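Asker: Okay, handing you the structure first.
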Amino acid sequence: MSALTTKVLKITPEKCTGCLRCELACSYMQTGTFQPAKSVIRVSPFEGHTSYAPYTCTQCAEGWCMTACPVGAITINAAGAKDVLDDTCVGCKLCTIACPYGTMFYDPDTRKAFKCNLCGGDPACAEACPTAAITYEDVPTVDWLGDFAAERSRRVLASAGAA
Amino acid sequence: MATRHLIIGGGTAGMNAIRTIREEERERSDIALVSAEKPYSRMVLPYYLDRSIAESRVYTATAKVLADWGVKTYLGRRAVGLDTKANACALDDGTRVEYDDCLIATGSSAVRARVPGADGRGVHSFWTLDEARGVLREITPGSHVVMVGAGFISFTILNSILALGATLTIVEIAPQILPRMVDATGAGLVQQWLERHGVTVRAGATVTSIDDVAARGGKSKKRLSFKQGKDLVCDVVVMATGIKTNLDWLKDSGLRINAGIVVDEHLRSNVPNVYAAGDVAAGRDLISGAEAVHAIEPTAQEHGRIVGSNMAGRDVRYRGSLIINIVEVCHLDVASFGAWDDARAASITGLKADRPAYRKLLFSGDRLTGAIILGPSSDIWTTNDVGMLKGLVQSGVRLGAYRQHLERNPFDVKTAFIGSKTTAQLLPETVLGRPSKAPGDTPVAV
């Protein structure tokens with residue numbers, strides 16, 4: 001099988017300033033309103049809010065959300081992203097518990113699951129990021145945040161050890 | 001001659017097996033499906049019950065889809081015997097279906113508590129589509145519904161019953177509600193939450209009989225009597241007192257059966273061309289490695305895909321299944337994973353009773369082996385942590401110093417998940433050893 005040349009959201013956490021523009025852009029694109037609470041990319045603080053990094057769906061090969069869905073409501077869109085079909089989703093939440101990355105969301109207002117669909121191939125978060133911490137590139141997906149988070153939580157862990 | 005695959009049971013395991021065979025095979029095989037019911041998803045029945053979806057939407061594969069997939073169907077037929085020497089399955093109408101390999105995925109049925117009146121008028125199970133229709137017909141706004149059994153099944157239809165305008169009482173024989181899903185602390189929080197939302201809960205209550213009561217002017221009511229405490233009078237009784245695997249028809253098959261059909265890592269039984277999947281299969285538990293029956297949707301799905309792959313000629317081993325359950329009641333999420341009830345495991349708990357939010361994390365060394373999480377469904381924090389806890393349990397990642405971090409703050413799962421590089425461990429993981437295909441991408445008959 002030939003490798004799928006699908007672009008992914010590449011995260012360079014060292015460049016993130018914690019401005020939250022990605023969350024605003026994401027929620028605006030996904031829901032039509034500026035509400036970070038509905039964003040499917042989430043900026044996490046590290047080291048007592050001195051470092052930040054955006055975290056979102058990796059569009060993993062298994063697609064745990066997609067294979068778990070009992071009604072086939074999660075499919076793969078033209079951008080190669082796993083995407084929820086609103087009309088088919090019944091809101092059973094199985095995807096939220098099947099996704100081992102914690103990147104499925106559920107909207108209690110619409111009673112539907114939702115997730116990053118790469119905005120169909122033109123991700124608003126990457127467009128909005130002023131420091132290129134989020135870029136949309138044709139590269140393999142890796143654990144973008146692991147090393148950064150491990151390094152930036154060392155002091156928190158040290159104080160835990162002392163407690 | 002093309003290989004003849006026989007799939008017995010049209011539930012989640014069977015349908016996933018069929019789809020995967022079509023995805024994987026190099027040469028078109030013959031597939032036959034025996035199913036007592038038209039294939040539908042049990043998971044969506046609660047949404048049919050509250051009328052948010054039409055009955056037409058519960059079906060997982062219509063006649064057209066099955067025809068497109070080139071499946072020969074025996075619908076409305078039950079398998080009554082398996083001759084593993086002759087490679088043939090007998091159906092209830094006398095038909096004999098021969099196979100080269102076969103999947104047993106006959107699932108479970110609801111069982112009712114053995115009390116006088118349990119089979120009477122106005123007493124329902126909620127398991128099959130037919131039973132769902134029965135419950136739907138009976139509940140009208142203002143009905144008083146009593147649910148006997150406060151387990152997962154009851155809780156999946158709790159919102160629906162309230163949405164139909166009924167008042168609800170739940171009775172449970174165990175001292176706590178959700179006894180096979182959360183611990184006593186979690187159950188207490190859920191019970192308080194339900195009571196705040198107008199649901200009456202009676203735990204530790206043993207029903208002794210269910211009788212008809214003549215009502216003044218019209219429809220008769222039901223009376224439930226208990227070992228202790230007052231009788232309950234209501235309009236509709238829903239019995240959700242457990243399930244039983246459908247294995248009786250295999251008594252003389254020569255298959256090795258414990259709590260389910262014993263299967264190896266390829267999900268083969270002791271008869272090499274007979275596979276089992278879903279509720280009827282006793283396979284490997286991911287956490288303990290022990291033989292276990294996991295009668296849950298995700299296990300049926302993974303089992304079905306593994307079997308389909310192997311039937312199509314691939315060699316796919318299964319790592320084992322993980323117990324995962326989630327239910328939302330009155331906008332409170334309740335979920336548990338893995339060995340959440342392992343009394344010997346070291347555990348950490350975090351509680352914010354007023355919200356309410358509750359976490360219980362269970363460890364073997366610095367690996368997470370089980371978890372309970374409970375919190376309002378509007379709380380994004382809870383939803384994200386649900387997935388991450390599953391990822392930590394599923395990957396068995398070594399948490400190192402993050403274990404102590406979680407001890408200090410069991411609510412800060414995200415830092416532990418990301419910092420322990422769980423993503424790197426999870427990314428290469430796939431059930432079938434290849435990227436999954438979208439549900440609509442199954443090759444059709446030519």
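Asker: If each residue's Cβ is checked for other Cβ atoms within 10 Å, how do A:M66, B:M147 rank with the fewest at the top? Working shown, then result.
Answerer: Numbers: A:M66 24, B:M147 28.
Fewest to most other Cβ atoms nearby, the residues stand as A:M66, B:M147.
Asker: Antiparallel as a % of all DSSP beta bridges within the protein assembly as shown, to the nearest 5? It would help to have the intermediate numbers written out before the result.
Answerer: Numbers: 66 of 102 bridges.
That works out to approximately 65 percent antiparallel.
Asker: Separate question: Name the trypsin sites (Lys or Arg not before Pro) in segment B:114-172 that are in a loop by DSSP and that have at most 16 other C-beta atoms within 10 Å, would you? Mind showing how you got there, number by number?
Answerer: Numbers: sites: B:R114, B:R121, B:R133, B:R137; in loops: B:R114, B:R121.
Qualifying residues, ordered by number: B:R114, B:R121.
Asker: Measuring from a point 7 Å past the Cα of B:R114 along Cα-to-C-beta, which residues in segment B:198-221 have an amide N at less than 20 Å?
Answerer: Counting backbone N atoms under 20 Å from the label point, the list is B:205-211.
Asker: Could I ask something else about it? Roughly speaking, what is the stretch gain from B:R216 to B:D264, that is 0.36 nm per residue apart minus the C-alpha to C-alpha distance, in nm to one decimal?
Answerer: Numbers: separation 48, 0.36 × 48 = 17.28 nm, distance 5.99 nm.
11.3 nm is the gain from fully extending B:R216 to B:D264.
Asker: What does the average come to when, for each residue of peptide B:407-418, you count the partner chain Cβ atoms lying within 10 Å of its Cβ? Could you put the intermediate results ahead of the total?
Answerer: Values: counts 2, 6, 2, 0, 0, 2, 1, 7, 9, 3, 8, 16.
Whole-number average of other-chain Cβ neighbours for B:407-418 is 5.
Asker: Can you give the Kirkwood hydrodynamic radius for segment A:1-77, in Å, rounded to one decimal and based on Cα pairs?
Answerer: Numbers: mean 1/r = 0.0684 Å⁻¹.
After inverting the pairwise mean of 1/r, the radius is 14.6 Å.
Asker: Further, regarding this structure: From other protein chains only, count the Cβ atoms within 10 Å of every residue's Cβ in B:389-401, then give the mean.
Answerer: Values: counts 3, 8, 6, 2, 1, 3, 1, 0, 0, 0, 0, 2, 8.
Counting Cβ atoms of other protein chains within 10 Å of each residue's Cβ and averaging gives 3.
Asker: Explain nothing, just the number: relative contact order of chain A, from Cα pairs under 8 Å at least 6 residues apart, as a whole percent.
Answerer: Working: 278 pairs, mean separation 50.2, N = 163.
With pairs under 8 Å counted, the relative contact order is 31 percent.
Asker: Can you pull out the trypsin sites (Lys or Arg not before Pro) in segment B:337-387 that DSSP calls coil and that have at most 15 other Cβ atoms within 10 Å? Let's see the in-between values first.
Answerer: Numbers: sites: B:R344, B:K352, B:R359, B:K360, B:R367; in loops: B:R344.
Listed in order of number, the matching sites are B:R344.
Asker: Taking 7 Å along the Cα-to-C-beta vector as the label spot, tell me the B:E291-B:R57 distance in nanometres, rounded to one decimal.
Answerer: Each label point lies 7 Å from its Cα, and together they span 4.2 nm.
Asker: On alpha carbon coordinates alone, what is the Rg over Rh value for segment B:204-290, Rh being the Kirkwood radius?
Answerer: We get a ratio of 1.28 for segment B:204-290.
Asker: Cα axis of helix A:21-31 to longest principal axis of chain A: angle in degrees, 0 to 90, nearest 10?
Answerer: 10
Asker: Ok, one more. Sort segment B:294-370 into rounded, prolate or oblate with this rule: let a ≥ b ≥ c be the square roots of the eigenvalues of the Cα gyration tensor; rounded if a/c is under 1.5, and if a/c is not under 1.5, prolate when a/b is larger than b/c, oblate otherwise. Could you put the intermediate results ahead of the total?
Answerer: On the way: a/c = 4.23, a/b = 1.81, b/c = 2.34.
In terms of gyration-tensor shape, oblate.
Asker: What percent do you get for the relative contact order of chain B when only Cα pairs under 8 Å and 6+ apart count? Walk me through the intermediate numbers first.
Answerer: Working: 958 pairs, mean separation 67.2, N = 446.
RCO, chain B: 15 percent.
Asker: Also, quick follow-up: Whole number please: convex hull volume per residue, Cα atoms of segment B:331-426, in Å³. Provide the component values of the computation, followed by the final result.
Answerer: Working: hull volume 7.9 nm³, N = 96.
Once divided by residue count, the hull of segment B:331-426 is 82 Å³.
Asker: Report the antiparallel proportion of the DSSP beta bridges in chain B as a percent, rounded to a multiple of 5.
Answerer: Numbers: 51 of 87 bridges.
Roughly 60 percent of the DSSP beta bridges within chain B come out antiparallel.
Asker: Rounded to the nearest 20 Debye, what is the dipole magnitude of segment B:1-121 about its Cα centre when Lys and Arg each give +1 and Asp and Glu each give -1 at the C-beta?
Answerer: 440
Asker: Any idea what the alpha-carbon Rg over 2.2 N^0.38 Å comes to for the protein assembly as shown? Walk me through the numbers on the way to the answer.
Answerer: Details: Rg = 24.7 Å, N = 609, 2.2 N^0.38 = 25.2 Å.
In units of the 2.2 N^0.38 Å rule of thumb, it is 0.98.
Asker: Taking every alpha carbon pair in segment B:1-130, what does the distance histogram look like in 5 angstrom bins from 0, in percent?
Answerer: 2, 9, 18, 19, 17, 14, 9, 6, 3, 1, 0, 0
Asker: Taking amide H positions as placed in the peptide plane 1.01 Å from N, state which residues far from A:Y106 in sequence (5 or more) or on other chains have amide H under 5 Å from it.
Answerer: Residues meeting the criterion, in which the H sits 1.01 Å from N, are A:F114.
Asker: Can you list which of the GluC sites (Glu not before Pro) found in segment B:17-115 are DSSP loop residues with at most 10 other C-beta atoms within 10 Å? List each step's numbers first, then the result.
Answerer: Working: sites: B:E23, B:E24, B:E25, B:E27, B:E37, B:E55, B:E98; in loops: B:E25, B:E27, B:E37.
Passing sites in segment B:17-115 are B:E27.
Asker: Among bridges DSSP assigns within segment B:46-172, what percent are antiparallel (round to 5)? Working shown, then result.
Answerer: On the way: 7 of 12 bridges.
Just about 60 percent of them are antiparallel.
Asker: So how far, in whole Å, is the C-alpha centre of segment B:387-421 from the one of segment B:133-183?
Answerer: 35
Asker: Averaged over B:433-442, how many beta carbons belonging to a partner chain fall within 10 Å of each residue's beta carbon? Don't skip to the answer; put the middle values down first.
Answerer: Working: counts 1, 3, 8, 9, 5, 10, 11, 4, 2, 0.
The shielding value for this peptide is 5.
Asker: Would you mind computing Rg(Cα) / (2.2 N^0.38 Å) for chain A, counting N as its residues? Present the calculation step by step, with values, prior to reporting the outcome.
Answerer: On the way: Rg = 16.4 Å, N = 163, 2.2 N^0.38 = 15.2 Å.
My calculation over the Cα atoms of chain A gives 1.08.
Asker: Quick check: pseudo-label points 7 Å beyond the Cα along Cα→Cβ at B:D50 and B:K251, how many nm apart are they?
Answerer: Rounded to a tenth, the inter-label distance reads 4.2 nm.
Asker: How do A:K115, B:K72, B:K219 line up, fewest other C-beta atoms within 10 Å first?
Answerer: Numbers: A:K115 23, B:K72 14, B:K219 11.
Placing the least packed residue first, the sequence is B:K219, B:K72, A:K115.
Asker: Related question: Regarding chain B, what whole-number volume in Å³ per residue does the convex hull of its Cα atoms give?
Answerer: Values: hull volume 70.1 nm³, N = 446.
Enclosed volume per residue, from the Cα hull, is 157 Å³.
Asker: Taking Rh as the Kirkwood radius computed over C-alpha pairs, what is the Stokes-Einstein D of segment A:59-115 at 4 °C in a medium of viscosity 1.567 mPa s, expressed in µm² per second?
Answerer: Working: Rh = 11.1 Å.
Estimated via Stokes-Einstein, D reaches 117 µm²/s.
Where a number appears in this text, it was derived from the coordinates with a stated rule and is not lab data. Bear in mind the structure is a predicted one, so any value in this text is a computation, not a measurement. Reconstructed Cβ throughout: ideal geometry from the backbone, glycine too, with neighbour counts over all protein chains shown.
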